[in-house]
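Here is the structure we will look at, set down as structure tokens.
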Amino acid sequence: MRDGTTTTTIPDDPNQYQQKNADGTYTYGMFEDYQYYQDCKNRDRNKGLFTADQNVGSKAINTRQNPGGTRYGYECTEERDYYPYWHPSPWKDVAVLVPQLDNCAFYQAESQNVKAKNYCKGATGTTIPNNEAACVAAQGTWASEPAFGIPPPDCKLASFSRDNHLGNVAGASEAANYTWILPNANVEPCVATGSCNCALRIRYNITTNESTGLTNEFIDAKKNKLITNDPTVNVEGGEYTLAINTAQFGRTFQDRSFIFHITERPKGVSKDTKIYNLNVRGKRGNIVQTFPATEYDFTPNRLQVEEGDIVHFQWTGCDHNPANNDGEGKVKTDRSNIVQIKDLDSNIPVVATNDTVEKMLFDNAFTRSRMALIDQKGCVPVATLIQQNGNNIEQLDANCAKLNAATPYFDGGLVKMNQTGKFTYMSTRNNNFSNRTQKGQLTVTPKKKTVSGAAIAGIVIGLIVVAAGAIGGLVFYGKKHPHSKIGRAVDNIRMPNFSSSSSASHGQRKAPLLSSDHGTN
């Protein structure tokens, strides 16, 4: 797995896909490998799937959404469009977010995380069968790819997002999201060796009632005549054509990340200490040019942690955006930094000597400077650049005011949150003062105090002693004053019978009785 330096589709040629640039970087990015696509391209597709009236080809690269088998990298279209998949896949499942939880057990049990997947190996002929009977008939072996041996995917309710709103959650000002706890070395051994090379794929499905057969059951090829392209319907004596494309009437979309690495928890950081990743999402361009991604944004852009938690400030950009995409600084590049602002309505940074904020997000000048400068070197003052080049300084590498001297990846390191409060910040480069902002907010709450088991036991024993002392005092008073109300009440108390085999004294018997009462409460 790797990133590339071009958006041109990787060639379907074993002699070309490993092509490198002069600097040794790969020209073409690659997630799935070459052989994975070849197997998909030559394997029979699942003929039991709902295809509506689409003229779908015969291989696993042909689906209702992609009937002609158009190639996108080395992905297998059938695996992309359907979940859980019935053949081996290189993708490990993190989570399944669903509109209702009824099918969670099914999704989790069928995930390759926990279930082996079968495939046909060594069959004769030009087509790879997709089932055991056909495989054996073609003199092949019905082989098994083991399960990944990791926990099943998380299964939770998905947030509701209204139509035409680009994923923003109803009732909130931010996109639908899921908090992922990164795997440790017990789940991914590559974490321990620092050799993890990862990518994240997000798929999201839109399904209508018509393409589920108006039931909760999964739809299959028996319903192929259920709907047709642009059908004409009769309503109150008039004819109307519906805008239905059966290739997209119920479909799956997809986004993928850059390559990223997962590293071990640093030595000296307790396993009980939470570490939050704070990154940047989106890319260079206006809302049209970045679609279906977004313009720059911090993620999470509303992060709440506790005092003593750690935040890892890190993000990456790209030097190969389309040349005409709108943005600040050097063309084609993404760069971001962090400076504190007074509140989310503000657009001018504050400094430590300014009394407009009570506290600074970073409590030392070195960290504040580093988060703003993002490790740039060779900087030339703006006044000098203008003196030497006039006002044409936007593209100059030495223009650190535009973050041009920074590398695409910035690792700000782990920062412990030592003070409570609500802190807001922005990027100086991308926060255009119109409809385009790159801002975030970090809230640090006081650490919740926990009471140890020993302390709880001490409290319970203390309550017992106090209660016993109070009762003993009342009994003593009642015996001394037998005609008082307390005396008459004490005289009517019936003490419980205990087994004669007990060697506990009378005083020792009361504590377990009171303890038991407290326990049931």
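The values are calculated or read from the model by the stated rules, or taken from the named source; none is laboratory data. In this text, all values refer to a predicted model and were calculated from it rather than measured experimentally. Here the Cβ positions follow ideal geometry from the backbone for every residue, glycine too, while neighbour counts run over all protein chains shown.
Some observations on this one:
- Boolean, N130 is of a type in the set (S, T, N, Q), closer than 19 Å to V187 by Cβ and touching a residue at least 40 places away in the same chain (Cβ under 8 Å): no
Conditions tested, residue by residue: (1) free of Cβ contacts under 8 Å to residues at least 24 places away in the same chain; (2) among the basic types (K, R); (3) over 25 Å from F253 (Cα atoms).
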site	(1), (2), (3)
L101	no, no, no
E110	no, no, no
N118	no, no, yes
A134	no, no, yes
A137	yes, no, yes
N168	yes, no, no
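- Test: residue in the range 281-302 that is at pLDDT below 95, surrounded by fewer than 15 Cβ atoms within 10 Å (Cβ to Cβ), among the aromatic types (F, W, Y) and in the same structural domain as A352 (by TED's automatic domain parsing): yes
- Among the residues of the range 397-427, those identified as surrounded by 18 or more Cβ atoms within 10 Å (Cβ to Cβ) and in a loop (DSSP other than H, G, I, E, B) are A398, N399, L403, N404, A405, A406, M417, S427.
- The range 271-286 residues that are farther than 18 Å from D319 by Cβ, paired with ones that are assigned to a loop (DSSP other than H, G, I, E, B) and at pLDDT 95 or above (beta carbon under 6 Å, 6 or more apart): K274/D309
- Yes/no for S173 being hydroxyl-bearing (S, T, Y), surrounded by 14 or more Cβ atoms within 10 Å (Cβ to Cβ) and modelled with pLDDT under 85: no
- Selected residue (criterion: surrounded by the fewest Cβ atoms within 10 Å (Cβ to Cβ)) from residues of the range 218-270 that are assigned to a loop (DSSP other than H, G, I, E, B) and of a type in the set (K, R): K267
- Enumeration of residues in the range 343-362 that are at pLDDT below 90 and surrounded by 16 or more Cβ atoms within 10 Å (Cβ to Cβ): V357
- Flag if V96 is touching a residue at least 12 places away in the same chain (Cβ under 8 Å), of a type outside the set (D, E) and farther than 30 Å from D230 by Cα: yes
- Residues in the range 18-47 that are farther than 22 Å from A123 by Cα and either in contact (Cβ under 8 Å) with a residue 24 or more places away in the chain or not in a loop (DSSP other than H, G, I, E, B) (or both): K20, Y26, Y28, G29, M30, F31, E32.
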